[in-house]
Amino acid sequence: QRVNVVTRDEIGILGTSFNYMIGEIQDYTSNLEKKVEERTKELRESREKFRRLFSFMNSILDSATEYAIIALDIHGNIIEFNKGAEKIFGWSKDEVVDKQNISITDTPEDRDKKIYKDIVSRIKNFGVYEQDIYRVRKDGSRFPSLTNITVINDPTDGLAGFVEIVRDITQSKNLERELRETKDFLSIIMESSVDGIITTDLKGKITYLNRGM
């Protein structure tokens, strides 16, 4: 509303000032509404981007079925458990998320050695922990794994937790053992042969001689 100013006395000056104040308030309110509308639009767009990103990340986690990807808080409690982790360890996501500590996947010997404290210490010193260690499935069976653990940093509070990526390397370990056994077997055959056996490189330099040679 506006005051109808008809005089130039004190009442008229007051009315003019009132009209000016109302005009300023209207401009401010209009600008504020525009800013709120713009901010609401930005938040809506950000929420949609976050939703798409969250969906994309979940798709990645669920599609990585050959790798167990596990998020932990600073105490080692499980806060995320992907499809690969379910496949490798045997627990379902509902059984462990916000209910279990990662120590359930450690061997009793490693738990006795308090391996988690050693892991945390190494991560703080070197930024990452990577090791071939044996892990335990839900049914109690053990398997060799390649375990990689990195930190989750909170911009305000610092260390927020850890991300652990585990791969079952049973097949590669079996292959290594078979290759080693084959190599040892061939070596025994070559060393016990009465015939002389010699190998050279492409320049003719001798690389191997058996006893017979």
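The values are calculated or read from the model by the stated rules, or taken from the named source; none is laboratory data. Source: prediction; values computed, not measured. Don't worry about glycine lacking a Cβ; one is built from the backbone with ideal geometry, like all the others, and counts go over all protein chains shown. These accessible areas exclude ligands, DNA and RNA; they are computed on the full protein's heavy atoms, side chains included. Shrake-Rupley method; radii C 1.70, N 1.55, O 1.52, S 1.80 Å.
Between VAL194 and ILE13, the contour length at 0.36 nm per residue exceeds the Cα-Cα span by 52.8 nm. Surface exposure of the stretch 55-213, expressed per residue as accessible area with a 1.4 Å probe, stands at 65 Å².
Remark: the LYS117-SER92 segment gains 6.4 nm on full extension, using 0.36 nm per residue and subtracting the alpha carbon distance.
Considered as an equivalent ellipsoid built on the Cα gyration tensor, the stretch 139-202 has semi-axes of 48, 17, 6 Å, the largest given first. With a threshold of 27 Å on the Cα-Cα distance, the over-threshold entries among LYS113/LYS183; LYS87/LYS183; LYS49/LYS83; LYS138/LYS173; LYS183/LYS203; LYS113/LYS138 are LYS113/LYS183; LYS87/LYS183.
Would you tell me the accessible area of ILE25, worked out with a 1.4 angstrom probe on the heavy atoms of the protein chains, in Å² to the nearest 10? Rounded to the nearest 10, the figure is 90 Å². Using only side-chain charges placed at the Cβ, +1 for Lys and Arg and -1 for Asp and Glu, the dipole size of the chain relative to its Cα centre rounds to 340 debye. Net charge around ASN77, counting only other residues with Cβ within less than 9 Å of its Cβ (Lys, Arg = +1; Asp, Glu = -1)? Once all neighbours under 9 Å are counted, the net charge is -1. Projecting the Cα positions of PHE89, THR29, LEU179 onto the charge dipole of the chain (unit charges on Cβ atoms of Lys, Arg, Asp and Glu, taken about the Cα centre) puts LEU179 furthest along the positive direction. To put it simply, the accessible area of the stretch 33-130 at a 1.4 Å probe is 53 percent carbon and sulfur. Compactness ratio for the stretch 1-49: Cα radius of gyration over 2.2 N^0.38 Å (N = residue count) comes to 1.90. Rolled with a 1.4 Å probe across the full set of protein chains, the surface gives LYS124 an accessible area near 140 Å². Per-residue ellipticity at 222 nm from helix content only, as computed over the chain with -39500 (n - 2.57) for each DSSP H run of at least four residues, stands at -16500 deg cm²/dmol.
Considering only MET57, ASN101, PRO144, the residue lying farthest towards the positive end of the dipole of the chain is PRO144, judged by Cα position with unit charges set on Cβ. Taking all Cα pairs closer than 8 Å and separated by 6 or more residues, the relative contact order of the stretch 130-184 comes to 27 percent. Among the listed values [x] 12.9; [y] 26.5; [z] 15.8, the one matching mean projected area of the Cα convex hull in nm² as calculated from this structure is [y]. Each of GLU24, GLU164, GLU38 has its accessible area taken with a 1.4 Å probe; listed largest first, they run GLU38, GLU24, GLU164.
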